[in-house]
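S.K.: There's a structure below that I have some questions on.
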Amino acid sequence: MHDKHYNAPQENLRAPERIRLLEVDHVVNLCLSGSDIKTVLDVGCGTGLFSEAFLNEGVTVTGIDINSRMIETAKKAVPGASFQQGKAEDLPFPEDAFDMVFLAHVLHESDDPLSVLNESKRVSGKAVCILEWPYQHEAQGPPLEHRLPIETIQKWILEVGFRDWSYSRLIHMDFYRLQT
């Protein structure tokens, strides 16, 4: 593991102020809006915060995270979803296994973000949604040197060959919706 992986206390991931900062319900609505999404793979699911929100919208959810402690916490917090340990760069699922792949704060932590996007596209039948910290100095979130400029993410989106995509600046986050 490298220094970009989340290593603060797990309870911080479900703190009310963090949930507000991440705009969890709004992000889930953006992901599901205008699409017939029945299955979601939550890559880098952490404690299952977004998995739980997708599940509450009636979506079947599978979560994957490299950190086994996160997976154990997610299983307890969101018993209606399926969770397993695994790498975002090498997803253990067949092509088009899910309607949508969701990546919340995964790309900036990955050693190989392009592989993460390629794998996400491979296992998604319809869309990939990305939530990232904006590329600016802020008190919350990772340091600027770990954040990704919009131009970098856009370059990767084009390189991977998504057929269409959109970007939205939320109150505190950057949101991307990519069509496979």
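A short reminder: the numbers here are calculations on the coordinates, not readings from a lab. Remember, it's a predicted structure, so these values are computed and weren't measured experimentally. Cβ coordinates were reconstructed from backbone atoms using ideal geometry, including for glycine residues, and neighbour counts include every protein chain displayed.
S.K.: Sort the following peptides by mean Cβ neighbour count (other Cβ atoms within 10 Å, averaged over residues), highest first: 31-43, 150-162. Each step should come with its number before you reach the end.
M.R.: Details: 31-43: 19.0, 150-162: 14.7.
Per-residue Cβ counts within 10 Å, averaged per peptide and sorted highest first, yield 31-43, 150-162.
S.K.: Now a separate question. Given charges of +1 on the Cβ of Lys and Arg and -1 on the Cβ of Asp and Glu, with all other atoms neutral, how large is the dipole of the chain about its Cα centre, in debye to the nearest 20?
M.R.: Working: 17 positive and 27 negative charges, 53 e Å.
For this selection, approximately 260 debye.
S.K.: To the nearest whole percent, what portion of all C-alpha pairs in region 10-179 is separated by more than 26 angstrom? Mind showing how you got there, number by number?
M.R.: Working: 2764 of 14365 pairs.
The answer is 19 percent, as a whole percent.
S.K.: Take the cross-link list Lys121/Lys155; Lys38/Lys75; Lys87/Lys121; Lys76/Lys121; Lys75/Lys126 and give me the ones stretching past 24 Å between alpha-carbons.
M.R.: Correct reply: Lys76/Lys121; Lys75/Lys126.
S.K.: Follow-up question, since we're still on this one. Which net charge results for the neighbourhood of Pro149, defined as the other residues with beta-carbon distances under 11 angstrom from its beta-carbon, given Lys and Arg at +1 and Asp and Glu at -1?
M.R.: Values: positive: Arg147, Lys155; negative: Glu132, Glu151, Asp174.
Residues near Pro149 contribute -1 overall.
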